[in-house]
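Presented below is the structure to which this report refers.
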Amino acid sequence: MRRVLFAASEAIPYMKTGGLADVTGSLPGYFDKEEFDVRVIMPKYVCMNEEFRKQMRFLCHFYVNLGWRKQYAGIFEAKYKGITYYFVDNEYYFAGEQPYNHIHEDVEKFAYFSKAVLEALPYLDFCPDIIHCHDWQTGLIPVFLHTIYGDQNYYAGMKTVYTIHNMKFQGRWNLQAIMDVTGLPEQIFVPDKLESYGEANYLKGGIVYSDYVTTVSKTYAYEITTQQGGEGLDGLMNARKDDLFGITNGIDYEVYNPKKDVYLLQHFDEQNVVEGKAANKEQLQKELGLPLKKKTPLLGIVSRMTNQKGFDLVAYVMDQLMSIEDIQMVVLGTGEEQYENMFRYFEEKYPDKIKANIGYSEEMAHKIYASADLFLMPSLFEPCGLSQMMSMRYGTLPIVRETGGLKDTVTAYNEYEQTGNGFSFANYNAHEMLDTILYALEVYRHHKKEWVGLVKRAMREDNSWEASARKYEALYRELVDDNVKD
Ligand code: ADP
Ligand code: GLC
């Protein structure tokens, strides 16, 4: 049996702010159980749902040295859909109403978490061959493993895989402060290790010290080796090119399934997609107080509201878009105030056309994926993107910018060859986006047969986890077998 431990700051169903949680919580269920035992470790946040907290079983406790600090760590365990999750408990670090706070608090919080993960292992009945770390919050795990824990027998030969879900967030902070918090030797705070542009950088640490580095799509794996996409680390990504793999995410086909989605009153499949979507649309219009119009094209947005997601383009052409007589838009999202307010403003201006749900709701997300005709995701950059795949599964055609994983998962409609599963545009330009939306609306209104063909192709697209899980398995196998040879 090969043992793999996922270490992450969030995982469904326990904590989710974005796609990271979907990946760390659903991928472990897709490995071949005969060969791989994959478990997850994450923080036990005070703001977690009480129902979940009650199900966690206390395993052990110990203390973690963080420079001069000595901090309590409790380890809890729970099972969800057959997968074992471990939780690190410390109510000082993991307090608050959300998992992330200001970066200066988070760098200490996740230095603590990373060390606690390594300290916890000897107490568990699970000694991983590989620790699979995700994003900057766990970047120090490979660093600690190869420095402070390097000469301890228990950790000898343990390998690390590091997955970058977003290069933009690097966990960067003042060198002295990070030296103090981590207790790591000064010699590793240098440009070819943990230092970057005068600061300590957790993501960089993870990339430098891991055996393999992966990211969540092929195109993004390329983009981060370029100056435009590298967020200042393109040199390093080029240096690690031979150990860098782009593995496109999947989505959970059990949860995102129009045939049995727990949030939908009207289930449907490819055969009755036209009627099924129309019924869902009508219900959503009713729920949100939009005019009940089955034929009006409905544009959906479900997204974290950050500049990554392309909302500057949307703001720029919204008035033009709303000048179309027959159109509706439903938005769900939360994040930066400027974007939340922008959607609130347009809702007020066009109350019969736009509904802006500012907040987080799993239920509303599923309803939008199922009810909308088009899903707008004009991202500035997108490591993979799950929302476009979720909408396709429900026959909602994505309109995306050709970047990162959006480029790899959406093929633009070709009216001559009758191919494609959505609509796309190349440049980060508001009018290019608007033209693409107008073109999509034209197909929707005047080429019904072709539209239904597109919808069915989108639904047939296989974006399940199976193919990606096999690729991770191959990497794990290489690493563990490599160890046996040593
Ligand atoms: P990112 O991870 O960059 O936010 P992804 O497309 O990979 O983008 O994943 C986003 C995930 O978060 C999807 O599961 C999407 O449905 C969900 N999501 C985003 N915003 C909300 C929200 N306000 N309410 C519910 N789910 C949301
Ligand atoms: C990040 C990226 C998103 C990706 C997700 C899961 O949040 O922004 O593109 O799909 O991680 O890998």
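Every number in this text was worked out from the coordinates using simple rules, so none of it is lab data. Note that the structure is predicted; figures quoted are calculated from it, not measured. Because the Cβ atoms are built from the backbone with ideal geometry, glycine has one as well, and the counts that use them run over all protein chains shown.
Out of the residues in segment 83-135 meeting the condition of being in a loop (DSSP other than H, G, I, E, B) and of a type in the set (D, E, K, R), tell me which one is surrounded by the fewest Cβ atoms within 10 Å (Cβ to Cβ).
Just the residues of segment 83-135 that are in a loop (DSSP other than H, G, I, E, B), to begin with: 90-102, 124-129, 135.
Now restrict to residues that are of a type in the set (D, E, K, R): 91, 97, 125, 129, 135.
Numbers: 91: 11, 97: 8, 125: 5, 129: 19, 135: 26.
Applying the filter and picking the extreme gives 125.
All conditions in (1) within 16 Å of ligand 1 (Cβ to nearest atom); (2) without any contact (Cβ under 8 Å) to a residue 24 or more places away in the chain; (3) among the hydroxyl-bearing types (Ser, Thr, Tyr) hold for residue 72, with the sole exception of (1). Of the residues making up segment 215-228, those that are surrounded by fewer than 21 Cβ atoms within 10 Å (Cβ to Cβ) and not charged (D, E, K, R) are 222, 225, 226, 227, 228. The residue list 424, 379 contains one member that is more than 12 Å from ligand 1 (Cβ to nearest atom) and within 30 Å of residue 449 (Cα to Cα), which is 424.
Can you confirm whether residue 63 is away from ligand 1 (no atom under 16 Å from the Cβ) and under 20 Å from the mean Cα position of the chain (by Cα)? Working first, answer last.
Working: away from ligand 1 (no atom under 16 Å from the Cβ): yes; under 20 Å from the mean Cα position of the chain (by Cα): no.
Answer is no for this residue.
Within segment 435-471, if we keep just the residues that are over 30 Å from residue 215 (Cα atoms) and of a type in the set (A, V, I, L, M, F, W, C), the residue that is farthest from the chain's Cα centre (by Cα) turns out to be 443.
Can you tell me which residue in segment 8-47 is surrounded by the fewest Cβ atoms within 10 Å (Cβ to Cβ), limited to those that are of a type in the set (Val, Ile, Thr) and within 16 Å of ligand 1 (Cβ to nearest atom)?
Filtering segment 8-47 for residues of a type in the set (Val, Ile, Thr) gives 12, 17, 23-24, 38, 40-41, 46.
Now restrict to residues that are within 16 Å of ligand 1 (Cβ to nearest atom): 12, 17, 23-24.
Details: 12: 18, 17: 15, 23: 28, 24: 28.
Per the criteria, the residue is 17.
Here the strands (runs of 3 or more DSSP E) wholly within segment 1-72 that include at least 2 residues being within 16 Å of ligand 2 (Cβ to nearest atom) are 2-7, 36-43.
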